[in-house]
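The structure under discussion appears below in the form of C-alpha cells.
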Amino acid sequence: MENNNSIENNSSFPQENFQQLPAMQEIPDPEMLKKNIKKGYGWSGLSMVCQFFIMMGFAILASTIYSVIAISGFIADNPGATQKQIMEFSSSLSGNARYIITVNALSYLIANIAAVAGGIGATKKFKLKEFFGKTKLTAGNIFLGIIAALGIQAVSIFIQILTVQITGYSGIGEDSAAAIGFSNDMIANIILIIYMVIVAPITEELLCRGFVMNILSPVNTKFALITSSLLFGLTHGNFNQIFNGFILGLLLGYIAMKSSSLKYSIITHMTANANALFCSYFYEYKIFGELGEETANMYEMIHFAVLLVIGIIALVFFLRKNGKITNEDRMTSYAADPAIAEEKGLTWKLLLKCPSVWIITIIYVIMAVSEVSAV
C-alpha cells in the first residue's frame, strides 16, 4: 500500500512536529522523533492522572464545604441538639442523593475541562477547533453508528449478567451503582440527567477522543484508537464500566476518526448514556417499585435483547460501509512518518515506558478491584 502520510507528500503538517529543515524537506532525525512522540505519550497518561487528582481534590473540598454548611444549618435550627444527634445528621449526608450527584457532576466537569485545557496548552500540538471540523460521514451513516453503540451497550449488559451468574460477584459496588441511579429527589434526578446526558459525554469526548486519542496518533491511528479506549474504560473505575467503556470507546473513537470530528461521537455517547438512564429509571426504579423485581428484570432483558439484535446488524453495516481505520483517518495534522516510527518501535513499546500511563492504570485497577462485591 502506498504511504500517503510521508512528510514529503503532506506539506500541511506543521514543521515543528517533524523537526525538519524548512528549505531541505529532510526526513526528521529518528531520535528527535522518538523523543517528541514519547513526550506525547507521557502527556496522554499525565492528563488522566491530573484529571483523577483534580476530580478527587475538588470532591473532597466540595464535600467538606457542603458538610460544614449543612451541619451549621442543622445546629442553628436545633440549638439543643446533642453531639450524638449532630453525628447522626453528619453521617446521613453521605447518603443524600442530591449531594452525591451534584458533587460528582461538578468534580468531573471541572477535572475533565482542566485536563483538556492543560494538555492542549502544554503540548501545543493542536487547537480545540480542530476537534470539530466538517464531518465526512452522512446522516444515515451516523444513525447506523448510534444504533451500533446501543447494540454494543447490550452486549456489555449481557456479559455482565453472565459474569455475575458464573462468579457470584458484581464488578460494581452497591454504593457506586446507587450514585448513578434515580431517587425520590426530583432535583437530584434532573442533575443526574444533565450530568449523564450532557456534561459527561461532552467532556469525556474532549478528553479521551479529543486530546488523548490525538496525542497518541502521530505514528499509528489504530494504536491510538485502542490505547485511548483502554484508558477511557479504565477511568470508569469499576470492572462493569471498564469493559463497557473499552468496547464503546472503540466505536466512539472510530466514529470520531472516520468523521474527522467529535460532533458525532459526542451525540453517540449522549444517546448511549440516555439509554442507560432510561433503563435505570423505567425498569430499575419505576417498574421495579410497581410490578416487582422479576417483571422489571424481564422487561429490561427484552429491551436489551432487541437492541442487541438491531445494534449488531447496524454495526456490521456501519463497519462495512466505512472500512478499516487508516493513518489518513485523522482529526488533526499532528502526524509522523510511520515508516521511521515503526522501525524504531514507537507505539506500544514506547508507551509502556511512560510512568504516567502506569500510574493511572494502577490507580484505576485498584479502584476497580475495591468495587468488586458479592451479589
Check: Within segment 259-282, how many residues are among the charged types (D, E, K, R) and buried (at least 22 other Cβ atoms within 10 Å of the Cβ)?
Finding: 0
Next item on the list: Go through (1) surrounded by fewer than 22 Cβ atoms within 10 Å (Cβ to Cβ); (2) at pLDDT 90 or above and name the single condition residue 182 misses.
Entry: (2)
Margin query: Here is a check on your reading of the model: is residue 47 at pLDDT 85 or above and crowded, with 19+ Cβ neighbours inside 10 Å?
Written below: yes
Next item on the list: Mind counting the residues in segment 264-298 that are in contact (Cβ under 8 Å) with a residue 12 or more places away in the chain and over 28 Å from the mean Cα position of the chain (by Cα)?
Entry: 2
Check: Quick one: what pairs do we get from segment 362-375, first residue touching a residue at least 24 places away in the same chain (Cβ under 8 Å) and under 16 Å from residue 169 (Cβ atoms), second surrounded by 15 or more Cβ atoms within 10 Å (Cβ to Cβ) and aromatic (Phe, Trp, Tyr), C-beta under 9 Å, 6+ apart or different chains?
Finding: 368/239; 371/239; 372/239
Check: Do we have residue 136 as outside any helix (DSSP H, G or I) and closer than 30 Å to residue 307 by Cα here?
Finding: yes
Notebook entry, point to check: So which helices (runs of 4 or more DSSP H) stay within segment 217-290 end to end and still have 2 or more residues that are closer than 30 Å to residue 34 by Cα and at pLDDT 95 or above?
Noted result: 221-234, 239-259
Notebook entry, point to check: Considering only segment 79-121, how many residues are more than 17 Å from residue 52 (Cβ to Cβ) and of a type outside the set (Lys, Arg)?
Noted result: 24
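The values are calculated or read from the model by the stated rules, or taken from the named source; none is laboratory data. Just so it is clear, the model here is predicted, and its values are computed rather than measured. Every residue, glycine among them, receives a Cβ derived from its backbone with ideal geometry; neighbour counts consider all protein chains shown.
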